[in-house]
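Please read the structure below before turning to the comments.
The values are calculated or read from the model by the stated rules, or taken from the named source; none is laboratory data. Since the model is a prediction, treat every value here as computed from it, not as a measurement. Every residue, glycine as well, gets a Cβ built from its backbone with ideal geometry; the counts of neighbours run over all protein chains shown. For accessibility, only protein heavy atoms count, side chains too; no ligands or nucleic acids. Shrake-Rupley method; radii C 1.70, N 1.55, O 1.52, S 1.80 Å.
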Amino acid sequence: MNVDLHCHSVASDGLLEPGELVTRAAANHVDMLALTDHDETAGLASARAAAAKHGIHFVDGVEISVTWQGTTIHVVGLRIDPENAELQEGLEAVRGSRAVRAARIGEALERAGIRGSFAGAMAHAGNPATISRTHFARFLVGIGRAPDVRSVFRHYLVKGAPGYVPHQWASLGDAVAWIRASGGVAVLAHPGRYNLGRADRRVLLAEFKGLGGAAIEVVTGSHTPAQFSEFARLAREAGLLASRGSDFHGDAGSRADLGALPPLPGNLRPVWHNW
Ligand code: AMP
Ligand code: MN
Ligand code: MN
Ligand code: MN
């Protein structure tokens, strides 16, 4: 079974409409799909309707932005109830903080001699409520500041670069609690992408599990093949379920297309084992 439990639509920083995403998943022979937009559930209803037409098992998802010990961490919620009030209040607060940060990024880039980036990023945002660094990156590529999104991040948007603005996202405990309150399962997204040493990584996994986290992404477009094995081992050691997801955003910047990933390594219990 081809399972893809992580991707983005225009409801956050993806390039495809939810329905287009589902059509592409069907063409790629995906059997089970979760849409996991950043801090947003607005795309779920139309994705679910499209998935029903294609006979795809659809999973309601979200990817919540978290700050843990000064590091930005992403927590995916799967099988959430998008109507849940506690979850929605939490997501609304996180989205609200995105607007404030985006204005600051615009000011920082202005000081670096780049004009109009806030409006420019907004023009790239399908959903202004989830304005993100990706939209700034697409604007900067569009005006010829850099050849591609990846190099914009490196030169303008990461820690130490002129357009970087520190930001406080949700706490890990709150994000997991919102997901669980809505009946969902919390999954630590792409754990190999965080700039953490071995010791901190262990603490993160233990704390996440202690808070009620259920799984980690093992096979993801954000991991190298060596990291598939590394995080398979860590999932087993920590007693966590394993997830698989492309993190597809619809553009060349995405490392994996929908469903186009190796299977989970054996010996792991998939997060979808009883769905
Ligand atoms: P934000 O939540 O606004 O900070 O934006 C984070 C998003 O930016 C991630 O979900 C990725 O889609 C994208 N992103 C982060 N780092 C990079 C990078 N180095 N190259 C390309 N895209 C990136
Ligand atoms: Mn993204
Ligand atoms: Mn992420
Ligand atoms: Mn993602």
Completion exercise
Within segment 238-273, the residues that are of a type in the set (D, E, K, R), at pLDDT 95 or above and surrounded by fewer than 17 Cβ atoms within 10 Å (Cβ to Cβ) are Arg269
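For Phe118, are the conditions met, namely being without any contact (Cβ under 8 Å) to a residue 24 or more places away in the chain, outside any loop (DSSP other than H, G, I, E, B), open to solvent by 10 Å² or more (accessible area, probe 1.4 Å) and within 16 Å of ligand 3 (Cβ to nearest atom)? Steps first, please.
Details: without any contact (Cβ under 8 Å) to a residue 24 or more places away in the chain: yes; outside any loop (DSSP other than H, G, I, E, B): yes; open to solvent by 10 Å² or more (accessible area, probe 1.4 Å): yes; within 16 Å of ligand 3 (Cβ to nearest atom): no.
No; evaluated as a whole, the condition is false for this residue.
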Problem - Long-range neighbours under 6 Å by Cβ, at least six apart or interchain, first residue within 15 Å of His54 (Cβ to Cβ) within segment 1-26, second part of a helix (DSSP H, G or I) and open to solvent by less than 10 Å² (accessible area, probe 1.4 Å) - result: Pro18/Ala47; Val22/Ala47; Val22/Ala51
Handout entry: Test result for Pro162, open to solvent by 10 Å² or more (accessible area, probe 1.4 Å) and free of Cβ contacts under 8 Å to residues at least 24 places away in the same chain
Key = no
Problem - Among residues of segment 32-77, those that are more than 16 Å from ligand 3 (Cβ to nearest atom), of a type in the set (D, E, K, R) and under 16 Å from the mean Cα position of the chain (by Cα), counted - result: 1
Completion exercise
Checking Phe118, Phe136, Phe153 in turn, the sole residue that is within 30 Å of Ser229 (Cβ to Cβ), within 15 Å of ligand 1 (Cβ to nearest atom) and hydrophobic (A, V, I, L, M, F, W, C) turns out to be Phe153
Handout entry: Residue identified as closer than 30 Å to Gly96 by Cα and not small (Gly, Ala, Ser) among Leu204, Leu268
Key = Leu204
Practice task
For segment 132-198, please list each of the helices (runs of 4 or more DSSP H) lying entirely inside it that holds at least 3 residues being among the charged types (D, E, K, R) and under 19 Å from the mean Cα position of the chain (by Cα).
Solution key: none
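Of everything in segment 144-156 that's within 16 Å of ligand 4 (Cβ to nearest atom) and either open to solvent by less than 30 Å² (accessible area, probe 1.4 Å) or among the hydrophobic types (A, V, I, L, M, F, W, C) (or both), which residue is nearest to His74 (Cα to Cα)?
Applying the first criterion (within 16 Å of ligand 4 (Cβ to nearest atom)) to segment 144-156 yields 149-150, 153.
Still in the list and also either open to solvent by less than 30 Å² (accessible area, probe 1.4 Å) or among the hydrophobic types (A, V, I, L, M, F, W, C) (or both): 149, 153.
Working: Val149: 20, Phe153: 18 Å.
Taking the candidates together, the pick is Phe153.
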Exercise for the section: Would you check if there is a residue in segment 98-115 being more than 24 Å from Gly183 (Cα to Cα) and within 17 Å of the chain's Cα centre (by Cα)? Expected result: yes
Exercise for the section: Kindly indicate whether Ser229 is among the hydroxyl-bearing types (Ser, Thr, Tyr) and not in a loop (DSSP other than H, G, I, E, B). Expected result: yes
